[in-house]
């Protein structure tokens with residue numbers, strides 16, 4: 001039995017990453033062998049021992065409990081994790097590149113496109129960790145288009161996307177079009193085509209995206225959103241890339257997505273939309289692989 005303290009900052013994307021790591025630990029050790037305490041540190045003043053004590057009490061931590069792993073993603077988790085380690089022991093595992101020095105943490109899980117330093121406590125991942133999806137058979141003829149938005153790496157080109165989506169719309173596919181927080185407000189309405197189902201992120205229930213990815217034969221994602229690309233790879237669907245203009249030649253996100261295209265993991269050929277049912281894959285299980293590597297680094301025996 002290992003005890004995991006999972007620090008939460010209220011950011012859904014961060015918390016999905018730590019949930020994925022917990023799922024990987026359970027997959028390797030067995031669900032009964034992992035006891036997880038979720039500790040809300042969104043308003044935690046780490047310099048007040050009483051605040052940390054209240055957060056631990058709310059999480060159900062009992063007197064004398066000592067964690068083996070303290071995990072969290074997001075800047076607001078970093079200092080509470082370090083404070084808890086100092087008082088209770090255990091090993092800190094930070095997801096993504098931390099805002100504090102790397103050597104302050106026992107382990108850091110960092111996506112390769114962030115070009116992490118080759119340090120002994122760094123585990124390199126292919127994109128951010130994502131939770132496993134339901135293992136269901138995709139529905140024939142169903143497709144999903146996911147829109148990101150302008151970023152420091154990519155500009156937004158609505159006209160080019162409209163042309164590409166017109167090509168996808170010609171395929172014999174029932175499409176669902178969804179936006180995200182970064183998507184320009186006008187894009188969802190302008191890019192929808194007759195027969196499309198449309199879903200704004202504002203109206204999507206928790207778990208909607210995961211269930212859609214699991215049930216579709218193909219998922220097309222704008223190139224800027226590497227997190228949604230890797231999330232889509234957790235399903236069986238063919239994953240396609242919709243291009244956007246890079247803001248500069250040296251673009252780490254563009255390079256990471258291009259590597260997936262070069263390896264044949266994803267496609268940027270719009271014509272592939274007509275044959276997605278022939279290209280179903282085995283889901284990526286990075287959450288399991290990374291958790292196993294972490295357990296090895298911690299000298300925790302993997303039972304299966």
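Points to keep in mind about this one:
- Between 0 and 90°, nearest 10: helix 286-297 axis offset from the chain longest Cα axis: 30 degrees
- Shape of segment 104-183, Cα gyration tensor, a/c cut at 1.5: oblate
- Beta bridges by DSSP in segment 142-278, antiparallel share as percent, to the nearest 5: 5 percent
- Shape class for segment 15-81: oblate, because the ratio a/c of the largest to smallest gyration tensor axis (alpha-carbon atoms, square roots of eigenvalues) is 1.5 or more and b/c is at least a/b.
- Pair residue 271, residue 119: separation of 7 Å Cα→Cβ label points (nm): 4.8 nm
- Computed helical MRE - 222 nm, the chain, DSSP H runs ≥ 4 contributing -39500 (n - 2.57), nearest 500: -9500 deg cm²/dmol
- Rounded tilt (10° steps) of 49-58 against the dominant C-alpha axis of the chain: 60 degrees
- Ranked list, fewest to most other Cβ atoms within 10 Å of each Cβ, for 75, 14: 75, 14
- Stretching residue 186 away from residue 252 to a fully extended chain increases their span by 21.0 nm, per 0.36 nm per residue minus the current alpha-carbon distance.
- Ranked by how many other beta carbons lie within 10 Å on average, peptides 36-43, 295-302 from highest: 36-43, 295-302
- Three-way shape label, segment 142-278, alpha-carbon gyration tensor, a/c 1.5: rounded
- Shown for 96, 81: other C-beta atoms within 10 Å of each C-beta, ranked fewest to most, produce the order 96, 81.
- Sorted on the mean count of surrounding Cβ atoms within 10 Å across their residues, most packed first, peptides 116-127, 192-203, 251-262 read 251-262, 116-127, 192-203.
- Cβ-derived FRET efficiency at R0 25 Å, residue 208 paired with residue 167, nearest 0.05: 0.45
- Taking label points 7 Å from Cα along the Cα-to-Cβ direction, residue 63 and residue 12 give a separation of 4.0 nm.
- For the chain, the longest principal axis of the Cα atoms and the long axis of helix 75-88 meet at an angle of about 30 degrees.
Every number in this text was worked out from the coordinates using simple rules, so none of it is lab data. For clarity, every value in this text was computed on a predicted model and none was experimentally measured. No Cβ is skipped: glycine too gets one built from the backbone with ideal geometry, and neighbour counts run over all protein chains shown.
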